[in-house]
């Protein structure tokens, strides 16, 4: 996406529509008090039913503060919507690349806006390991991986919000680098790796034959990503290797059953933090 500003990015992604607040009526034609419907202007699609105190934040307004990041070298990559437009997102790439445990990692920001009342404007860190496109947004105790952003017409506050966003992003990447180096120093025996894999996909007596078969398949797939992935062949048998193998599995492996909204759920887990990757990180730290 080659967009000089958020408005152009929204236009290129087909997200330059408005949301209107409309009354809700019962089947008998009586207006329902206390609630309003958020409706997309282009096709009258209902995006959410919210309190009558809810303030709509238009897409252009939600992403406006990111324009103040552009002067710092941030570039828009792509934008899209989830759940039929209930959630809208924009992906921005930060200018600096980081070297973590010998790997080049590029930080991205995903900015979300919702029209179903589920959340305000939200910013999430999404660092990508360049060699394999794995996501590494670990849950760290010492730095936020997501935060809310103000939506304001005040230019000075928008600039301040942009600066705070860059600072939070920088803090996260520095801490991610520290934790990545720590993971690389934690050696893992093959036996310990198998213990971790068993914890993810147990093969126990109480499982049905079908469940055991599925878990055995998943175990083999995760093991293959740990032992045989070309992008990990130079990495020692350590925590960094295991977390990256789990990240690769969590974001790229085909599920046993692929539901209709699987890709949307995977995107949200990837952007906001995948519990499986977080669990792998915690398991490795506990084994140190």
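Readers should treat all values here as calculations from the given coordinates under stated rules, not as data from a laboratory. Just so it is clear, the structure is predicted and the values come from calculations on it, not from any experiment. Here the Cβ positions follow ideal geometry from the backbone for every residue, glycine too, while neighbour counts run over all protein chains shown.
Here the Gaussian network model covers the chain, with springs between Cα atoms less than 10 Å apart; of 55, 40, 260, 260 fluctuates the most.
Entry note, region 88-180: relative contact order of 24 percent, from Cα contacts under 8 Å with a spacing of 6+ residues.
Overall shape of region 146-288 was characterised from the C-alpha gyration tensor. The equivalent ellipsoid obtained from it has semi-axes of 34, 21, 12 Å, in decreasing order. At R0 = 45 Å, how high is the FRET efficiency between residue 28 and residue 77 if r is their beta carbon distance? Nearest 0.05 is fine. Here the calculated transfer efficiency is 0.35.
Using alpha carbon centroids, what distance separates region 131-210 and region 222-288, in Å? One Cα centre to the other: 11 Å. Structure remark: mean-square fluctuation, Gaussian network model of the chain, C-alpha springs under 10 Å; the largest value among 203, 186, 277 belongs to 203.
Pairwise Cα separations in the chain fall into 5 Å bins from 0 onward with the following percentages, short to long: 1, 5, 11, 14, 15, 13, 12, 10, 8, 6, 4, 1, 1, 0.
One decimal place: the segment residue 199-residue 164 gains 8.7 nm when fully extended, by the rule 0.36 nm per residue minus the C-alpha distance. For region 185-287, relative contact order (Cα pairs under 8 Å, six or more residues apart, normalised by length) works out to 31 percent.
Nearest 10 degrees, 0 to 90: what angle lies between the long axis of helix 275-287 and the longest principal axis of the chain (Cα atoms)? Helix 275-287 sits at roughly 40 degrees to that axis. As a test of understanding, state the convex hull volume per residue of region 105-204 from its alpha carbons, in Å³. With only Cα atoms used, region 105-204 gives 156 Å³ per residue. Between residue 41 and residue 187, the distance separating the two model label sites (each 7 Å from Cα on the Cα→Cβ line) works out to 6.4 nm. Multiplying the residue separation of residue 142 and residue 276 by 0.36 nm and removing their Cα-Cα distance gives an extension gain of 46.3 nm.
Working value for region 189-228: equivalent-ellipsoid semi-axes of 19, 12, 5 Å, each the square root of 5 times a Cα gyration tensor eigenvalue, largest first.
Here the simple spin-label model places points 7 Å from the Cα toward Cβ, and for residue 233 and residue 260 these points are separated by 4.3 nm.
Return a whole-number percent for the relative contact order of the chain, with Cα pairs under 8 Å and 6 or more residues apart as the contact set. In percent, rounded to a whole number, it is 14.
For region 1-116, the alpha-carbon radius of gyration amounts to 1.34 times the rule-of-thumb value 2.2 N^0.38 Å expected for a compact globular protein. Across all Cα atoms of region 71-164, the radius of gyration (one decimal) and Dmax (whole number) stand at 14.5, 43 Å.
Build a GNM of the chain with springs between Cα atoms under 10 Å apart, and of 242, 112, 200 the one that fluctuates most is 200.
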